[in-house]
1. Given the structure, is Q48 of a type outside the set (V, I, T), out of contact with any Leu (no Cβ under 6 Å at 6 or more places or on another chain), part of a helix (DSSP H, G or I) and surrounded by fewer than 13 Cβ atoms within 10 Å (Cβ to Cβ)?
2. Given T98, T113, which one is within 23 Å of P63 (Cα to Cα), hydroxyl-bearing (S, T, Y) and modelled with pLDDT under 90?
3. Out of (1) surrounded by 13 or more Cβ atoms within 10 Å (Cβ to Cβ); (2) at pLDDT below 95, the odd one out for R20 is which?
Amino acid sequence: MPLLKGGIIWLNFFKTVDGRITEVSEFTEGCWVNMVHPSSDELEQIAQAAQVEEEFVRAALDPEESSRVDTEDEQLLMIVDIPMVEKSSVEDGGQMFTTIPMGIVVAQNAVITVCLEDSIILRSIAEGAVKGVHTSLKTRFVFQILLRIAGRFLKKPAYDRARLYPHREASV
């Protein structure tokens, strides 16, 4: 059962079971830990369970954190900016986007994602919308997350290009 914070699910454990992403009740070998706006206690507990530097799981909680990659011993931290809808405009049918940092920590026994806000990118993976997810294949799983992030960045600009340059789209 996920823990709740202000109505938002903020700590979940997932594992691939029989080829499908499944929520599990606790940290296990080969799982994916998804943390949204976690408390200091939860950060400490997950860092200990995964045997990673606590600074690695805490890094993405700084909204001004820059994208970067860092390694320490046998763990990897990737901070990537993910697109988030800031506000929708009914008048022009558009949306304003901003980015926030998301941390991906690859430990020997798990992949941990940490973000300040819930993201459709990770939610779609957790809900099984992404096929072929295997949490124990850590490199592949991280590439699947990064592909979803890139796709989210590309989705809106393609729409904007079509509106700005309709003659280009028609000639292609």
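1. yes
2. Numbers: T113 fails: modelled with pLDDT under 90.
The conditions single out T98.
3. All conditions pass for R20, except number (1).
The values are calculated or read from the model by the stated rules, or taken from the named source; none is laboratory data. None of these values were measured; they are calculated from a predicted model. Cβ sites come from the backbone with ideal geometry, for glycine too, and all protein chains shown count toward neighbours.
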